[in-house]
Every structure is written in C-alpha cells, then in structure tokens.
Amino acid sequence: MFPTKLDNNEEYNFYHWQFFKNHLNVTTAFIEKNYIIKMHEQEFYEVNVIVKGNGMHYIKDNKIPAKVGDIFIIPPHVPHGYVGSKGFDVYHLLLSDDFFNKHYTDLQQLPSFHTLFNAEPLMRSSVDNPLHLSLNESQFKYANSILNEILKFQDNFNPYHCLNCTYLSMYLITYFCQVYSLNFNQSKNLSQDHAFMNTISYVHKHYHEKITLNTLVKMSNMSRSSYINKFKQICKMPPLTYLIKIRLDAAENLLLNTELPIMEIAFRTGFYDCAHFTKVFIAEKGLSPVQYKKAKRNKA
C-alpha cells in the first residue's frame, strides 16, 4: 500500500559537483536497488528507467504507478520521489549541463526530444493520464543492454570511459525518442492532452521563430480561453510568458558558453531587436547581458 503523499519535511537537493568530476565526465549512471526516496530535486536532467519490480513515481503533486520499462525524465529543479516494494530497482542516468551544451544542437533534431525532455514532464506533474514513455518487453530488453554497457564505463577519470558513456547515452536518448515517436505517430486520434503537449514541444523547438498565441491555440484544438487556462494550470504562467522564459534560457546558455555578440544572441533566440532583448534580460536577471556574463565568469 503506497502513501498518498510523501513526507516533504526532509526535502533535499543534488548538485553537479556530487556526480560530475571533470569536463569529460558529463554523464553518470547507476542502479538504486529497493529504491525509496523522499521528495527531492537536482540541478541537472535525470533519466530514470524502472528495471525491476513495481512502485510509485511522485512528481510535484502527482503520482504515477511505475513498472518495468517505464521511463521518467526529470528536468532540473522538479520535485520528485519514489516508493516501491522490495525488489523495486531504478536505473539512473544523470546528464550534466555540459552534456547538453555539447550535444543540444544534435539532440533537438530528434522529433520527440523536446516532447520527452520538456513537455511530457510538465504534463506528468499535472494530468491524471500518464503520457510518459513505456517500453514493451522487446524494447526494454534492447534498451537494458545499452544501460548495462553504460554501467561498464563508470570511471570518472578515464577519458576513454567518459567518452564511451557520453556517446552511449546519446545513442540511448536517440532510441527513446525514436520509440516515443513511433508510439505517438501510431495513435490515430490524439487526445487533448497529447495535442496540448505538442504545443509545449513546439515552443521549445521553434522559440527562435515568430510564434503567436493563435498558432498554439490552433495546434491544441481547444478554444482560446480553454487553452490559456490549461497552459496556466500546467506551466504556471501564460503561453507568451513561457515563450519569453524559454528564449531567455537559450540566450543565457549562448551568453555563457559562446563568444557571440549580444545582437547575434538576440537574433538567434527570437528577440530580433537587441534593445528589447536587453530590456527583457534586465527585467529578469537584474543585470544587462554583458554585466551578467562578466559576473558569472568572475564568480567561476
């Protein structure tokens, strides 16, 4: 019998420095056996694969039954936890910021990447019908063979092992996205939740382009007011505010990891106007883009 709510009195966080030891060590993998953990967060992406037993996955205020073959992707700073019976084993694949800085351009070419890594976790934390990836027996057997290969290379200080982990992880993510796309495309009649999730994925993939509220509403097959209300419920903010947030996140990444001029960063992240970009950035961060970059580098 699983509790309806985990004890939040001992929430805790996991940080990059606890798992990623050098610039080549951008992924970490391990299996937690008989897994039970209270609500917690981490500052990196985490891919959880249920490899044995049955349990319950908690994400924010929602809970979902967890069985062998279920894949739960946890974005940074999202409260989650697990409760399981004896023999409930969960594989953890942790992906650092450096992993995404190096491979994001390639990953976003995968049709289901934004759906799995950004849209689905938001939906999972708010809707009753689970939309996460669940592998069938043969798919799980194949994926498990890759998971086991990744485990063989858990040597944080050996560059050969680090690179093997990185590219096996890329292969695994590609496989998950491919399976999700196949499952998604085989569904002839999309549910309203699937259609709504598509709009979130669209924002993440096309944030650098012109996106209007009318475009998103049309994709959702909902009325304008219903779509806005649902978006606020799921994402905790209106659609266009969410779009600006995604653009600012992308701009921050370019600002801290490239030497591109401010005007180019503004153009690449959908602002088109350097003055407007700077104004929005200051409103969010309290510093201009140039001041923010200098402050971050001095701190490092």
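The values are calculated or read from the model by the stated rules, or taken from the named source; none is laboratory data. Source: prediction; values computed, not measured. Here the Cβ is made from the backbone with ideal geometry for all residues, glycine too, and neighbour counts use every protein chain on show.
Applying the selection to the stretch 87-101, what residues are out of contact with any strand residue (DSSP E or B) (no Cβ under 7 Å at 6 or more places or on another chain) and either surrounded by fewer than 16 Cβ atoms within 10 Å (Cβ to Cβ) or without any contact (Cβ under 8 Å) to a residue 12 or more places away in the chain (or both)?
Listed by number, the list holds a single entry, N101.
Would you point out the residue of the stretch 39-78, among those that are modelled with pLDDT under 95 and basic (K, R), that is farthest from the chain's Cα centre (by Cα)?
Only one residue tops the list, namely K63.
Might you let me know whether the stretch 252-259 holds any residue that is surrounded by fewer than 17 Cβ atoms within 10 Å (Cβ to Cβ) and either at pLDDT 95 or above or assigned to a loop (DSSP other than H, G, I, E, B) (or both)?
yes
Listed here are the residues, each with its yes/no results for (1) assigned to a helix (DSSP H, G or I); (2) closer than 22 Å to P76 by Cα; (3) in the same structural domain as D89 (by TED's automatic domain parsing); (4) hydroxyl-bearing (S, T, Y).
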{"position": "L122", "(1), (2), (3), (4)": "yes, yes, yes, no"}
{"position": "V127", "(1), (2), (3), (4)": "no, yes, yes, no"}
{"position": "S138", "(1), (2), (3), (4)": "yes, no, yes, yes"}
{"position": "N144", "(1), (2), (3), (4)": "yes, no, yes, no"}
{"position": "N148", "(1), (2), (3), (4)": "yes, no, yes, no"}
{"position": "Y160", "(1), (2), (3), (4)": "yes, no, yes, yes"}
{"position": "C165", "(1), (2), (3), (4)": "yes, yes, yes, no"}
{"position": "Q178", "(1), (2), (3), (4)": "yes, no, yes, no"}
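Given the condition over 18 Å from the mean Cα position of the chain (by Cα) and exposed (fewer than 14 other Cβ atoms within 10 Å of the Cβ), answer yes or no: does some residue in the stretch 79-86 qualify?
Yes, there is a match, as at least one residue in the stretch 79-86 is over 18 Å from the mean Cα position of the chain (by Cα) and exposed (fewer than 14 other Cβ atoms within 10 Å of the Cβ).
If we keep just the residues of the stretch 14-50 that are aromatic (F, W, Y) and touching a helix residue (DSSP H, G or I) at 6+ places or on another chain (Cβ under 8 Å), which is farthest from N257 (Cα to Cα)?
My answer is F30.
(1) of a type in the set (G, A, S); (2) within 21 Å of K210 (Cβ to Cβ); (3) assigned to a helix (DSSP H, G or I): which one isn't true of A295, the others all being true?
(2)
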